[in-house]
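Novice: Below is a structure I'd like to ask you about.
Readers should treat all values here as calculations from the given coordinates under stated rules, not as data from a laboratory. Being a predicted model, the structure only gives us computed values, none of them experimental. Cβ atoms come from the backbone with ideal geometry, glycine included; neighbour counts cover every protein chain shown.
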Amino acid sequence: MPAYESFGRTVPPARRVISAEEAIASLKSGEAGKGAMLAYGNGRSYGDSCQNGNGAIADMRPMNRILAFDPGSGVVEAEAGILLSEIIAHAAPFGFFPAVVPGTQFVTLGGAIANDVHGKNHHRRGTFGCHVEAFSLLRSDGRVHHCSPEYNAGLFSATIGGMGLTGIILSASIRLMRVASLDVEETVTPFGSLAEFFEIAEAADAGNEYAVAWIDQLAAGKGAGRGLLMTGNHSNYGARSAAAAGANISVPFQPPLNVLNRPFLKAFNAAYRWKKGKARAPHVTGYQGFFFPLDGVRDWNRLYGPNGLFQHQSVVPEAAARQAVPELLAAALKAGQGSFLTVLKRFGATRSPGLLSFPRPGYTLTLDFPNRGTATLKLLERLDAITIEAGGAVNPYKDARMGADVFAASFPDWLMLEAARDPAFISDFWVRTAMRLQSSEAGAAQAAE
Ligand SMILES: Cc1cc2nc3c(=O)[nH]c(=O)nc-3n(C[C@H](O)[C@H](O)[C@H](O)COP(=O)(O)OP(=O)(O)OC[C@H]3O[C@@H](n4cnc5c(N)ncnc54)[C@H](O)[C@@H]3O)c2cc1C
């Protein structure tokens, strides 16, 4: 991926980049100005939550050393710019794996904490933040704040899921999970409709470490809502060391248009359903293919064409899901937009220590759309409306365009993060949502006086 973009490529890449050292020196001197900076991990957020167009972003990736590892407990302490792939490679031979991994291993430790990422086992392990023991946070008061659930608990909680707004995480200690092997014994269960999926989802969670469903989003009529449920547990007989974490193939240049168009997706979905659906008996699958299927193709986001892609991730409460999820899928179908990756998953009840964490009990649906301008934006607004009406939330770190009202409805406690925000830190997302809310609230208060 070219440097300093966001993954969706719908927002401008950073104009001003400073090194981690420069950022640290400026913070320690106490001279960092308002909104001067934002830490940048590996740019795997889809929109503008990792960008700071009015200031600079600080590239944290060179800060990537492992500082300590206890092979007895699986607690690893590392600098925040380390990639999860590097942590996996270090810990695997000792029988440990991160308790929570997102769909790519190319995210930094700092980025995983700041967005409080989730994985296919949210029902068992909660979010990434549930496994953070402590971290060091540098703020513009020039001090390094050591934070844990017991010490500086307020900053600890505001930083987990705090989207980089509370300061720079320099290093962190996380508890890894003991596993028999990295690989996964997977079972694929086809379902013919969403109703069928909802019948089996809870039991699938109860019986497995991992559970996630793929939906054939373009299927209409009798096939609407069909898909495959993938469940799995770490296998006793798989790999005990990490495979090379790199792409086997790449998209070497930017195609002039979206390659993942509707006819392609129809054919792809049919082939995927047929191929995956054949493997119904439990089978051992490599961990990289199970957890990080898209990491094998470098720069695959280029396939969406020069205008980039929008991802929409919603979560709706369990009681509303049977109505809201089909409605979300029907809205996309009606708009004639094909989603390449359509993933449905049940979130469990484990609470995150994070103040503004996205996951909450219910069902989360993720859709990816090529950016077709106004038509796509209108569809995304419709998806927002369905989500909010159902009492749900839209994921901010996948977002590049949600309205401030949608953000406020999704995160009614946003003012608590604003209170903990370090004045030297801001993101384009925060300017677009929270700052707008604040100025309209201030305006309304003034008008009332
Ligand atoms: C293919 C793919 C699959 C994905 N699957 C999932 C998934 O299953 N679940 C999920 O939750 N997410 C998923 N994501 C999103 C991704 O996991 C998150 O956006 C992740 O936080 C990105 O981390 P990053 O290191 O690239 O950070 P960036 O995207 O660069 O930054 C993310 C945030 O972290 C902050 N930050 C980074 N480093 C620091 C630091 N040292 N100190 C303070 N703040 C910091 C930034 O300011 C920013 O707000 C996926 C993304 C892709 C591309």
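Novice: Starting from the Cα of Lys398, draw a straight line to each of the aspartates and glutamates and keep only those under 18 Å, dropping any in the same chain fewer than 8 residues away.
Specialist: Glu5, Asp48, Asp116, Asp295, Asp299, Asp368, Glu381, Asp384, Asp428
Novice: Given a Förster distance of 35 Å, report the FRET efficiency between Lys28 and Ser73 from their Cβ-Cβ distance, rounded to the nearest 0.05.
Specialist: For Lys28 and Ser73, the calculated efficiency is 0.65.
Novice: Hey, what's the per residue convex hull volume over the C-alpha atoms of the stretch 102-169, in cubic angstrom?
Specialist: 79 Å³
Novice: Right, next: Rounded, prolate or oblate: which one fits the stretch 380-449, using the alpha carbon gyration tensor with axes a ≥ b ≥ c (rounded when a/c is under 1.5, else prolate when a/b beats b/c, else oblate)?
Specialist: Values: a/c = 2.00, a/b = 1.33, b/c = 1.51.
Note, shape of the stretch 380-449 comes out oblate.
Novice: Using +1 on the beta carbon of Lys and Arg, -1 on that of Asp and Glu, and nothing else charged, what's the dipole of the stretch 184-402 about the Cα centre, debye to 20?
Specialist: 580 debye
Novice: Looking at the square roots a ≥ b ≥ c of the eigenvalues of the Cα gyration tensor of the stretch 219-343, which shape do they give, rounded for a/c under 1.5, prolate if a/b is larger than b/c, or oblate?
Specialist: Oblate shape, in that a/c is at least 1.5 and b/c is the bigger or equal ratio.
Novice: Quote the charge dipole size of the chain about the Cα centre in Debye, to the nearest 20; the model charges only the Cβ of Lys and Arg (+1) and of Asp and Glu (-1). Working shown, then result.
Specialist: Details: 41 positive and 39 negative charges, 276 e Å.
About 1320 debye.
Novice: Take the chain, connect every pair of alpha-carbon atoms lying under 10 Å apart with a spring to form a Gaussian network, then pick out the residue of His312, His283, His145 with the largest mean-square fluctuation.
Specialist: His283
Novice: In the stretch 213-267, what chymotrypsin sites (Phe, Trp or Tyr not before Pro) fall in a loop by DSSP, with at most 15 other Cβ atoms inside 10 Å?
Specialist: Qualifying residues, ordered by number: Tyr237, Phe253.
Novice: Still on this structure: For the chain, what D do you get in µm² per second when you plug the Kirkwood radius from alpha-carbon pairs into Stokes-Einstein at 37 °C and 0.692 mPa s? Kindly include the intermediate steps, with their values, before the conclusion.
Specialist: On the way: Rh = 22.3 Å.
Result for D is 147 µm²/s.
Novice: When the chain is modelled as a GNM with alpha-carbon springs shorter than 10 Å, which of Ser357, Ser193, Ser339 fluctuates the most?
Specialist: Ser193
Novice: Same structure again: Given a Förster distance of 35 Å, report the FRET efficiency between Ala270 and Ala349 from their Cβ-Cβ distance, rounded to the nearest 0.05.
Specialist: Efficiency, from the Cβ-Cβ distance: 0.45.
Novice: Let me ask you something else. Which of the three applies to the stretch 184-402, rounded, prolate or oblate, going by the alpha-carbon gyration tensor with a ≥ b ≥ c and a/c under 1.5 meaning rounded?
Specialist: rounded
Novice: How big is the stretch 125-164 along each principal axis, measuring the range of its Cα positions in Å and listing the largest first?
Specialist: Taking the Cα atoms of the stretch 125-164, the three principal extents are 35, 21, 13 Å.
Novice: Please identify the chymotrypsin sites (Phe, Trp or Tyr not before Pro) of the stretch 84-189 that satisfy two criteria: DSSP loop assignment and at most 11 other Cβ atoms within 10 Å. Which are they?
Specialist: Those satisfying the criteria are Tyr151.
Novice: Now a separate question. Given H placed 1.01 Å from N in the peptide plane, which residues other than close sequence neighbours of Ile18 have an amide H under 5 Å from its amide H?
Specialist: Placed amide hydrogens put Ile57, Ala58, Asp59 under 5 Å from Ile18.
Novice: Between Ala385 and Ala239, how high is the FRET efficiency from 1/(1 + (r/R0)^6) when r is the Cβ-Cβ distance and R₀ = 41 Å? Nearest 0.05.
Specialist: Taking R0 as 41 Å, the efficiency between Ala385 and Ala239 is 0.35.
Novice: Filter Lys34/Lys120; Lys28/Lys120; Lys120/Lys278; Lys278/Lys378; Lys34/Lys345 down to the pairs with a C-alpha to C-alpha distance above 29 Å, please.
Specialist: Lys34/Lys120; Lys28/Lys120; Lys278/Lys378; Lys34/Lys345
Novice: Here is a follow-up. Would you kindly derive the ³J(HN,Hα) couplings of the stretch 390-405 from the backbone phi angles with the Karplus curve 6.51 cos²θ - 1.76 cosθ + 1.60 (θ = phi - 60°), listing them in order in whole Hz, with x for Gly and Pro?
Specialist: Per residue, the Karplus-derived 3J(HN,Hα) values read 7, x, x, 9, 10, 6, x, 7, 9, 9, 9, 7, 4, x, 4, 5 Hz.
Novice: Also: Where in the stretch 419-443 does the amide nitrogen come within less than 16 Å of the point 7 Å from the Cα of Asp413, taken along Cα to Cβ?
Specialist: Once the point is set 7 Å along Cα→Cβ of Asp413, 419-421 turn out to lie under 16 Å by backbone N, inside the stretch 419-443.
Novice: Okay, next question. How much length is gained on full extension from Leu333 to Glu150, taking 0.36 nm per residue of separation minus their Cα-Cα distance?
Specialist: Contour length minus Cα-Cα distance gives 61.1 nm.
Novice: Below 9 angstrom from the Cβ of Val284, what's the summed charge of the other residues (Lys, Arg +1; Asp, Glu -1)?
Specialist: Summing Lys/Arg as +1 and Asp/Glu as -1 gives -3.
Novice: Given the Cα atoms of the stretch 65-219, and with Rh set as the inverse mean 1/r over their pairs in the Kirkwood sense, what is Rg to Rh to two decimals?
Specialist: Across the stretch 65-219, the Cα-based Rg/Rh ratio is 1.04.
Novice: Tell me the net charge near His234. Cut-off is 10 Å between Cβ atoms, His234 excluded, with +1 for each Lys or Arg and -1 for each Asp or Glu.
Specialist: Every neighbour counted, the sum reads -2.
Novice: Considering only the other residues whose Cβ falls under 15 Å of the Cβ of Thr376, what net charge follows from Lys and Arg at +1 and Asp and Glu at -1?
Specialist: Details: positive: Arg9, Arg262, Lys334, Arg372, Lys378, Arg382, Lys398, Arg401; negative: Asp368, Glu381, Asp384, Asp399.
Neighbourhood net charge equals +4.
Novice: Return the lysines within reach of Lys275: Cα separation strictly under 19 angstrom, same-chain partners fewer than 8 residues apart disregarded; answer none if there are no such residues.
Specialist: List returned: Lys266.
Novice: Also, quick follow-up: Per-residue ellipticity at 222 nm for the chain, helices alone: DSSP H runs ≥ 4 residues times -39500 (n - 2.57), over residue total, nearest 500 deg cm²/dmol?
Specialist: Calculated from helices alone, the mean residue ellipticity at 222 nm is -9000 deg cm²/dmol.
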